[in-house]
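All remarks here apply to the structure that follows.
Laboratory data are not the source of any read-out in this text; all were calculated from the coordinates shown. All of these numbers come straight from a predicted model, not from anything done at the bench. Quick reminder, even Gly has a Cβ in these numbers, built from the backbone with ideal geometry, and neighbours come from all protein chains shown.
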Amino acid sequence: MKKLSIALVLLFLFPFTFLAQEINTEKSIVNFKINNLIVSNVKGTFKEMTGIFKLDVDDLSKSEIDVCISAKTINTENEERDTHLRSEDFFYVENNPTICYTSSNIQKSKTGYTALGKLTMLGVSRDVNIPFTYKNNIFIGAFKINRTDYHLGENENPFAIGEMVKIEIKCIVN
């Protein structure tokens, strides 16, 4: 009973506003969509997201996102295309096994938050802002990147594959 009383006092004195949680790699996913042959889209996913998500709603300077996904988990439901995407022509997963994002700042926005940080893929790091919401231990964010900024498929026919990639993240934290 004494331990319970101490715990309640601590919760009252230090309200739970700081969330430092590990990502549930089994339930988290990254979806993407890119134009293919100008008239259609290729949709796919990445899994095996690992890392840390910290959100302190009272002091956002203490918040951070540091996550990586496994490039080899790319899945467009077309094994021949997925094998090509894992090759040197695209993700070159043997030399570049992960795609990582590290925030440098998290800010409050009208609809939730925005993470400012670096997305690193194929050895190239670029500034990327990710608008996101966070509710019930679920991070949901969406943004676009230009694949050529990362030299991703840069030798491919530009009419066969679009440049802009729409990325949606659903990250469940424990």
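Per-residue answers, yes or no, for (1) aromatic (Phe, Trp, Tyr); (2) under 18 Å from Lys43 (Cα atoms); (3) surrounded by 14 or more Cβ atoms within 10 Å (Cβ to Cβ):
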{"residue": "Ala71", "(1), (2), (3)": "no, yes, yes"}
{"residue": "Ile74", "(1), (2), (3)": "no, yes, yes"}
{"residue": "Asn78", "(1), (2), (3)": "no, yes, no"}
{"residue": "Leu85", "(1), (2), (3)": "no, yes, yes"}
{"residue": "Asp89", "(1), (2), (3)": "no, no, no"}
{"residue": "Ile106", "(1), (2), (3)": "no, no, yes"}
{"residue": "Gly162", "(1), (2), (3)": "no, yes, yes"}
{"residue": "Ile167", "(1), (2), (3)": "no, yes, yes"}
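Taken over region 34-69, residues that are over 20 Å from Glu156 (Cα atoms), of a type in the set (D, E, K, R) and surrounded by fewer than 16 Cβ atoms within 10 Å (Cβ to Cβ) amount to 5.
So that you can scan it fast, the table gives a plain yes or no per residue for (1) touching a Leu at 6+ places or on another chain (Cβ under 6 Å); (2) under 22 Å from Val124 (Cα atoms); (3) among the acidic types (Asp, Glu):
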{"site": "Asn78", "(1), (2), (3)": "no, no, no"}
{"site": "Asp89", "(1), (2), (3)": "no, yes, yes"}
{"site": "Val93", "(1), (2), (3)": "no, yes, no"}
{"site": "Asn105", "(1), (2), (3)": "yes, yes, no"}
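Results for (1) in contact with a helix residue (DSSP H, G or I) (Cβ under 7 Å, 6 or more places away or on another chain); (2) not aromatic (Phe, Trp, Tyr), shown as yes or no for each residue.
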| site | (1), (2) |
| --- | --- |
| Ser70 | no, yes |
| Thr76 | yes, yes |
| Glu88 | no, yes |
| Phe91 | yes, no |
| Asn105 | no, yes |
| Tyr113 | no, no |
| Leu122 | yes, yes |
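Listed conditions (1) more than 25 Å from Thr76 (Cα to Cα); (2) in a strand (DSSP E or B) are all met by Lys166, apart from (1). Quick check: is even one residue across region 138-147 assigned to a helix (DSSP H, G or I) and crowded, with 16+ Cβ neighbours inside 10 Å? Looking for residues that are assigned to a helix (DSSP H, G or I) and crowded, with 16+ Cβ neighbours inside 10 Å, one finds at least one in region 138-147, hence yes. Looking at Thr133, Thr114, just one residue is surrounded by 14 or more Cβ atoms within 10 Å (Cβ to Cβ), polar (S, T, N, Q) and either in contact (Cβ under 8 Å) with a residue 24 or more places away in the chain or touching a strand residue (DSSP E or B) at 6+ places or on another chain (Cβ under 9 Å) (or both), and that residue is Thr114.
Which residue is nearest to Tyr134 (Cα to Cα), if the candidates are limited to region 91-104 and must be among the hydroxyl-bearing types (Ser, Thr, Tyr) and surrounded by 12 or more Cβ atoms within 10 Å (Cβ to Cβ)? Per the stated criteria, the residue is Ser103. Under the condition of being over 18 Å from Ile167 (Cβ atoms), touching a residue at least 40 places away in the same chain (Cβ under 8 Å) and in a strand (DSSP E or B), the residues counted in region 84-104 number 0.
For Arg81, the conditions (1) in a helix (DSSP H, G or I); (2) touching a Lys or Arg at 6+ places or on another chain (Cβ under 9 Å); (3) within 15 Å of Glu156 (Cβ to Cβ) all hold with the exception of (2).
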